[in-house]
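The values are calculated or read from the model by the stated rules, or taken from the named source; none is laboratory data. All figures in this text were calculated on a predicted structure; none of them were measured in a lab. Heads up, the Cβs are rebuilt from the backbone with ideal geometry, glycines too, and the neighbour counts pull from every protein chain shown.
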Amino acid sequence: MAEKVQKVGVQRVKGYLYFIDKQGDISRALKAKDALAQKVEKIGIQKETGWLYFIDKQGDISRSKIKDEQSYAMPTKMYSPMEVAFHIGRNVQTVACWVRAAERGLYTGKVKMPVAKRVGKSGGRMYTAKDIETFKKIASDMQYGDMTSFHKPSRDRQKKKSLKTK
């Protein structure tokens, strides 16, 4: 709910954008061009933090309480598998191998494998910065020879599969 701060009664002209500048005065600028702002009324309002100041339909200065800052947070940056590989110091094929192994249930490590978000029309895999940190932990496990996280099917299973296909 907005509250009026000061009654001014500015008459608007079509084609201009009206706003409150840094000095607390009402200014206007052409909407279509990068024109310099013109001062319409010198008021000198002192703005308080946590409030959004604007010019309402009657041409008066009003303000509205800003919600929590998290609702205005920037969207998280997404990284492609190639960028993930660059950040963790491995090649793309290795990262792709880890992801495929996790999808098939062959990864049983201590750290949970990140799940890719499908983005765009093509449905490409994308990861967040938090996912990159997880991949770094997995890469450090691999560096110290802990290959037990990725287990291969036993030879008995492989023989049974080959017998079934014949």
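Listed values, structure above:
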read-out	value
Meets criteria (under 25 Å from the mean Cα position of the chain (by Cα), surrounded by 11 or more Cβ atoms within 10 Å (Cβ to Cβ) and modelled with pLDDT of 85 or more) for Leu52	yes
Of all residues making up region 70-100, the number that are touching a helix residue (DSSP H, G or I) at 6+ places or on another chain (Cβ under 9 Å), modelled with pLDDT under 75, in a helix (DSSP H, G or I) and more than 14 Å from Lys136 (Cβ to Cβ)	1
Positions within region 46-63 being in contact (Cβ under 8 Å) with a residue 24 or more places away in the chain and farther than 16 Å from Asp25 by Cα, in sequence order	Gln58
